[in-house]
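The structure appears right after this line, and notes come after that.
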Amino acid sequence: MTRATTCFLLLLLVAALPANAASRAQAVPATAPGASNPDFMGMVIRDPWYDFGTTAPGQPNKAFQDTMGATLAAMGVRWVRLDFHIVVPMADVSVDQSQAVEAEIAKNDYFIREVAPRHNLKVLALLSFDLLQATDAHMLNTGPFTETSSLPPDFGGGVNRYMHAWLTRALQVADRYDDKIAAYEILNEQNRLPQYLPKGPSADDIEPAIMGRLLTKFYRFCKNIDPTDQGHGCASSSKIILGGLHPRGTLDAKLPNLNDAGYLKAIYADSSFTDFKKLHAFFPVDGIGYHPYPQEIKLSPNDAQVNRGLDRMRTVLNTVDPGQQFWITEVGYNVGFDVDGPRAGSTPAQTAAGQSAFMRDVYTTLSARGDVANVFWFKYEDFPRGCNTKSQPTGALQQWGVVHIPFTECDNTFPGGSHYDDSGVPTVYRGSYLAYRELAGTPSNRTYMPLTRR
């Protein structure tokens, strides 16, 4: 069978599934969260940007995107999160970079404009630090924050050149896609940043005041809330979400260190937020992103304990914005962690069966809360490890996916340093693939999978 033929033969019945996967799949909750609320089911996908030009110069890899879209639809996914990457070095503000930036954004066109509508997938656009790829994210914190500098006064005061570039590019994304994007997530784990550049500062946060200011300005300009009249692309129904906060909070940044709840409280106390609320009777945010990873979810025989971190955050919201909902824009489980057995003092090795059990615990527990809008599983596919100075993969395997697609590692001739099989056809479907289908309420008497390449 040719690769081209395989890509089109999607959603075929699998005659036999691995016995262990089938038995695990049968242990489903009495009520599937997605059956009563399909919008609860989200997935972090492979960003289309990575596979652009891999099969033909200047063209999207349509086979990969088609396969991914059909696989997501077969699982019962309703929301997908994808990240925007813009590899255009920042220039002086007098230089017009709009065409170069637009070309980078357009690499997502095929998925957003054709694949997602075909499969009734709602898009959450992650507008994070990769809008300024290769720029140290900490520079968003650096002044001067004044419109009397060399910056055009497009966005008013309190903006440095990095914030100006980020806002300009973020609004280009919204303007290009208009109602094709249902929601925007502003930054990602900004309360716990890694060291971005080899000689850059160590882990830090984007200061809560800067975060509040950036979010408020994007909200106001994208939704064209007075006094702006630039006609940007967010519809009144567009959701704008605070980027997913990491539960462990700030590491060792400027004192005082803030946990997740303290960081959220500081954003709501910022003058950008409070002034907006005084004018418009609501805050400039439509949801609070949160990432309750395993340090906040301790799988036990009875409960995943997912409420521990969220309850801490809920306490803050109840005092300032009680009706606000959480968006769990990432939560996952790495099957490749410590695969050779537990290290001294570490948790036991993680397994495919554990991934499925963890997924069920997360979705059923969070759906019962009533204050969670949706949950985005991290992730659709496994992804490469990091690379050392000799361009060799290092560290634990990154097997977070419900599927595995063959890929190379540490090959910088491709975006992101890896090349996935051009067809996008998975060679492994984990038990979590079936668990997700059942949690989504996909009919159990029709167990379909895309055909694995033979």
(message) Among the residues of the range 31-53, what is the count of those that are farther than 24 Å from Y429 by Cα and either at pLDDT 95 or above or in a loop (DSSP other than H, G, I, E, B) (or both)?
(response) 3
(request) Quick one: count up the residues across the range 164-178 that are free of Cβ contacts under 8 Å to residues at least 60 places away in the same chain, within 19 Å of the chain's Cα centre (by Cα) and closer than 24 Å to L121 by Cα. (result) 1
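Has the range 206-220 got any residue that is in contact with a His (Cβ under 7 Å, 6 or more places away or on another chain) and either modelled with pLDDT of 85 or more or surrounded by fewer than 23 Cβ atoms within 10 Å (Cβ to Cβ) (or both)? I'd like the intermediate steps shown before the answer.
Of the range 206-220, the ones in contact with a His (Cβ under 7 Å, 6 or more places away or on another chain) are none.
Within the range 206-220 (the criterion being in contact with a His (Cβ under 7 Å, 6 or more places away or on another chain) and either modelled with pLDDT of 85 or more or surrounded by fewer than 23 Cβ atoms within 10 Å (Cβ to Cβ) (or both)), the answer is no, since none of the residues qualifies.
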(request) Answer with yes or no whether I297 is hydrophobic (A, V, I, L, M, F, W, C), crowded, with 17+ Cβ neighbours inside 10 Å, modelled with pLDDT of 90 or more and within 14 Å of M359 (Cα to Cα). (result) no
(message) Against the definition (of a type outside the set (V, I, T), out of contact with any strand residue (DSSP E or B) (no Cβ under 6 Å at 6 or more places or on another chain), surrounded by fewer than 16 Cβ atoms within 10 Å (Cβ to Cβ) and at pLDDT below 95), how does A4 come out, yes or no?
(response) yes
(request) Give the residues of the range 375-404 that are closer than 22 Å to L439 by Cβ and part of a loop (DSSP other than H, G, I, E, B), sorted by residue number. (result) F378, K379, Y380, D382, Q399, W400, G401, V402
(request) Please specify each residue of the range 59-102 satisfying the condition of being hydroxyl-bearing (S, T, Y) and touching a strand residue (DSSP E or B) at 6+ places or on another chain (Cβ under 8 Å). (result) T71
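Which residue out of A70, A116, A74 is outside any loop (DSSP other than H, G, I, E, B), under 18 Å from the mean Cα position of the chain (by Cα) and over 18 Å from F218 (Cα atoms)? Quick ask: steps written out before the conclusion?
Values: A70 fails: under 18 Å from the mean Cα position of the chain (by Cα); A74 fails: under 18 Å from the mean Cα position of the chain (by Cα).
It is A116.
Please go through the range 49-96 and pick out each residue that is over 28 Å from G244 (Cβ atoms) and aliphatic (A, V, I, L, M).
Initial filter on the range 49-96 (over 28 Å from G244 (Cβ atoms)): 53-59, 62-63, 66, 91-96.
Those that are over 28 Å from G244 (Cβ atoms) and aliphatic (A, V, I, L, M): A56, A63, A91, V93, V95.
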(message) For a quick check of your reading of the model, give me the residue pairs whose first member lies in the range 78-104 and is over 30 Å from T442 (Cα atoms), whose second is at pLDDT 95 or above and among the small types (G, A, S), with beta-carbon atoms closer than 6 Å and at least 6 apart or on different chains.
(response) V88/A100
(request) For residues that are crowded, with 17+ Cβ neighbours inside 10 Å and modelled with pLDDT under 90, scanning just the range 162-195, find the one that is farthest from S128 (Cα to Cα). (result) R192
(request) Just name the residue that is farthest from the chain's Cα centre (by Cα) out of those in the range 80-102 that are surrounded by 14 or more Cβ atoms within 10 Å (Cβ to Cβ) and modelled with pLDDT under 95. (result) V93
(request) Determine which single condition D286 fails, assuming it passes every other condition in (1) touching an Asp or Glu at 6+ places or on another chain (Cβ under 9 Å); (2) among the charged types (D, E, K, R); (3) modelled with pLDDT of 95 or more. (result) (1)
(request) Kindly list, by first and then second residue, each pair from a residue in the range 121-140 that is under 30 Å from G76 (Cβ atoms) and of a type in the set (A, V, I, L, M, F, W, C) to a residue that is modelled with pLDDT under 95 and part of a strand (DSSP E or B), limited to pairs with Cβ atoms under 7 Å and residues at least 6 apart or on different chains. (result) none
(request) Starting from the range 374-398, take each residue that is under 27 Å from I241 (Cβ atoms) and list its partners that are of a type in the set (G, A, S) and part of a strand (DSSP E or B), counting only C-beta distances under 8 angstrom and pairs at least six apart or across chains. (result) N374/G42; V375/G42; F376/G42; W377/G42
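For A125, are the conditions met, namely being of a type in the set (G, A, S), under 21 Å from E185 (Cβ atoms) and within 18 Å of the chain's Cα centre (by Cα)?
Values: of a type in the set (G, A, S): yes; under 21 Å from E185 (Cβ atoms): yes; within 18 Å of the chain's Cα centre (by Cα): yes.
Yes.
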(request) Looking at (1) modelled with pLDDT of 90 or more; (2) of a type outside the set (D, E, K, R); (3) surrounded by fewer than 21 Cβ atoms within 10 Å (Cβ to Cβ); (4) under 18 Å from T71 (Cα atoms), find the lone condition where G424 falls short. (result) (3)
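The values are calculated or read from the model by the stated rules, or taken from the named source; none is laboratory data. Owing to the predicted nature of the structure, the values given are computational and were not obtained by experimental measurement. Glycine also receives a Cβ, built like all others from the backbone with ideal geometry; neighbour counts cover every protein chain displayed.
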